[in-house]
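Written out below as structure tokens is the structure these notes cover.
The values are calculated or read from the model by the stated rules, or taken from the named source; none is laboratory data. Computed from a predicted model, the values in this text were never measured in an experiment. Quick reminder, even Gly has a Cβ in these numbers, built from the backbone with ideal geometry, and neighbours come from all protein chains shown. Heavy atoms of the whole protein, side chains included, go into the accessibility calculation; ligands, DNA and RNA do not. Shrake-Rupley method; radii C 1.70, N 1.55, O 1.52, S 1.80 Å.
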Amino acid sequence: MKKYILSSLAVLSAVTLFTSCNDMLDTDPRVTELTAATFPGKPGDVEALNAATYSIMNTLGGGDQSGILNNPFYWWSLMSDDCYGSGGLQDNVAKSLHHFTTASANQYEQDFILLYGGISRANNQIETIDNVEWTEAQKAQRNQLLGEGYFMRGLYYMWLSQLYGDVPLITSTVITDEMQQQVSAEEFIYPQIISDFVSAKNLMKPERANGSGHADKYAAEAFIARAWMFWAGFYKKVADLSTGDATINLVEQEGCQGGTLSKAQVVEGLKDIVSTGGYKLCEDFRSLWQYSNSLLWDEAHDNADGTGNLEGTHAYDFIADMKRENCFDQPGMGNGNTEEIFQIQFMNASKWAIGGTYNNPRMYSNYLSCFWGLRNGATNDNGRRHKTYPFNQGWGQGTPSCNIWDDWTDAERSGGYTDLRKKATLIDLDNELEAYTYEKDDNEESGYAVKKYADVNLDACAADNDSWWSKCEGYSSSSLDNKQQGDHFEDYYLMRYADVLLMLSELTGDVQYMNQVQARAGVPLTTSYSLKALQDERRWEFALEGLRFNDMRRWSGIDSGESSYAAKALEAQKGKMIVCYGQKGAKIPMAHMTCSWAKRYADTNGFLPKPQAQITLMVDKMQQNPGWDEKASASEYTYKVLY
């Protein structure tokens, strides 16, 4: 079996590298033993800077601070119509996100700090790269590392601006007074984001990173498209990009000559990925997710054909019809698969303790698997294998909404087909896990759970909560002190080839690209392009991968009010019947905790509040976002206990 428990970046938990705070923004401190005059001094030093820049992604993807996972895509899932906040009565951060409210002034500060920390590291990497005396033979290495620095700065700024809107644009380690001033994301930040991706594309080697965890030219081309499409849709209000266009000004810097970027150039980059990238969709959609691993497949087949005779063995029928060579842990599948363009990787070194902002020991584990795991406690014993096989326990926060299941089922019914992806994405608790019972403090339970990223158990595991990863080559438990929270090593996908294909269809109106994704899913092919068909296809393909919320925003446009696509989709959650306090037979209608989802979305445009501590630190240079400020009704944005 291929070794999956590793990270080629080996995220440097002990390395805290240069950033300059200038008394603004809470970022990681400067190391006193090193100075910009002496470091970096050799190519290996720049490699270390590069790894530290990437490591912010691991803290976002694996860190748990203030009772919430820091992964922005998890936050966006909670803010979409595809998830509820759910969890236990005490899990107010998840429910705050889902209801566009806040229980404290600095509740969403962690990602603000982490993303500026990543930007600061990228700035240092870009600025100091020529401290090294590169030889002509090392020029390609130098350009690749510089390109990766630009790529990561663009990525962190894209996430930061999509979360918090207009923020300071800091492109140097020496922070001037002008840089500390909040600027327009539309006019200044997005031009810089896309310019950084253009620089990355032009500087990096014309070859694939091949699942190494590093960015490459193709990742840059794909993220140019994602960033431009959000800018054009949300800020320029081009709802249908198959017929509309917008031109953005670029910033002149190494690798980017300035000028402008239009839709045609975005399309050209995506077509380059298709024609020269060598990516392809996995044959089976289930190959992307760890529940399709060959160990579980073997158990199902041992049980099905009467061999093995393991006491208590279950047959997980959902993957029994897969080809074994398409299982998650087989060559070309799972981590490092043929459609994975960019991802967060994890490794076998996580610990239970909550550490510092940048050195959180949970950063090596894909903690999303824990947050989305099935809730368990002493009352119901859901962690026992007979209750939840083949899935493991977790926090049960961010459960799928009734809306995603109901809307998907309606689409299947009206089209006369069955979409494999629905049951490949969602666990139907009542029908798949008949022994499962709700916890007495559960709330906002829909009857569904997340199958993508769900941790998996085996009958072959020694203990009920041991993950299947413990049976993989390369696994060592010596570094872990809590397996239920530490043994999660599935890559978090940031860009899949399926997204390249769907972006191409959306930009060109050519259904041939969308048809490839549909053919893999086994659903009827779209013959005539429509934005509605594209919107549905993106929702089904990327359900619970964190893309839905920003898709809804760009299809709505800024300041679009309560009648926008996003506002209406969110408001459709109202009245859905949910389980609270574990009372499965006494469901209650879903309601917004203060006013309505449509109003909260319209008031905020989908942005979170900037942390008050950071606004105070900036001394009138940064302002609170609409919907969270003194002009808004505090009773509408303040968390309220519903249950």
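Within the chain, which whole H helices from DSSP have a Cα span along their axis of at least 18 Å and a mean Kyte-Doolittle hydropathy of 0.0 or more, if any?
43-62, 190-203, 217-230, 263-276
Give the Kirkwood hydrodynamic radius (Å, one decimal) of the chain, defined as one over the mean of 1/r across all pairs of different Cα atoms.
25.0 Å
Over every pair of different alpha-carbon atoms in region 502-561, take the mean of 1/r and invert it; report that Kirkwood radius in Å.
By the Kirkwood definition, the hydrodynamic radius is 12.1 Å.
Would you mind telling me the share, in percent, of accessible area of region 477-550 contributed by carbon and sulfur at probe 1.4 angstrom?
Exposed carbon and sulfur together represent 47 percent of the surface.
What is the chain's relative contact order, in percent, from Cα pairs under 8 angstrom and six or more apart in sequence?
Across the chain, relative contact order equals 20 percent.
When the Cα atoms of region 129-285 are enclosed in a convex hull and the volume is divided per residue, what value in Å³ results?
So the per-residue hull volume is 143 Å³.
One quarter of the convex hull surface, Cα atoms only: what value does that give for region 508-643 in nm²?
Mean shadow area of the hull around the Cα atoms is 12.2 nm².
Which distance in Å, rounded to a whole number, links the C-alpha centroids of region 322-340 and region 535-562?
The distance from the Cα centre of region 322-340 to that of region 535-562 comes to 28 Å.
How far apart, in nm, are the 7 Å Cα→Cβ label points at Tyr643 and Ser184?
Distance between label points: 4.4 nm.
Quick query: amide H of Asn348 versus all other amide H atoms, modeled in the peptide plane; which residues come in under 5 Å with a sequence gap of 5 or more or a different chain?
Here the answer is Leu6, since their amide H atoms fall under 5 Å of that of Asn348.
If you average the C-alpha positions of region 490-523 and of region 391-433 separately, how far apart do those two centres end up, in angstrom?
20 Å
Return the aspartates and glutamates within reach of Lys236: Cα separation strictly under 20 angstrom, same-chain partners fewer than 8 residues apart disregarded; answer none if there are no such residues.
Correct list for Lys236: Asp166, Glu186, Glu187, Asp245, Glu506, Asp551, Asp559, Glu562, Asp603.
Please calculate the 1.4 Å probe accessible area of Asp419, with all protein chains present, and give it to the nearest 10 Å².
Ignoring ligands and nucleic acids, Asp419 comes out at about 0 Å².
In whole percent, what relative contact order does region 143-185 give with Cα contacts below 8 Å and a gap of six or more residues?
33 percent
Figure the gain on full extension for Lys471 and Asp410 (residue separation times 0.36 nm, minus the Cα-Cα span) and round it to one decimal in nm.
So the extension gain works out to 18.0 nm.
Which value, to two decimals, describes the C-alpha radius of gyration of region 78-176 once divided by 2.2 N^0.38 Å?
Normalised by 2.2 N^0.38 Å, the Cα Rg of region 78-176 equals 1.49.
Using Cα pairs under 8 angstrom and six or more residues apart, how large is the relative contact order of region 584-643, in percent?
Contact order relative to length: 42 percent.
Assuming R0 = 45 Å, what is the FRET efficiency of Ser275 and Lys631, from their Cβ-Cβ distance, to the nearest 0.05?
0.35
Can you tell me the length gained on complete extension of the stretch Glu325 to Leu89, counting 0.36 nm per residue apart and subtracting the Cα distance?
80.6 nm
Which entries of Lys217/Lys280; Lys451/Lys640; Lys422/Lys452; Lys574/Lys640; Lys574/Lys599; Lys95/Lys576 have Cα-Cα distances beyond 19 Å here?
Flagged as over cut-off: Lys451/Lys640.
Using the Cα centre as the reference, give the magnitude of the dipole from point charges on the C-beta atoms of region 163-303 (Lys, Arg: +1; Asp, Glu: -1; all else neutral), rounded to the nearest 20 debye.
320 debye
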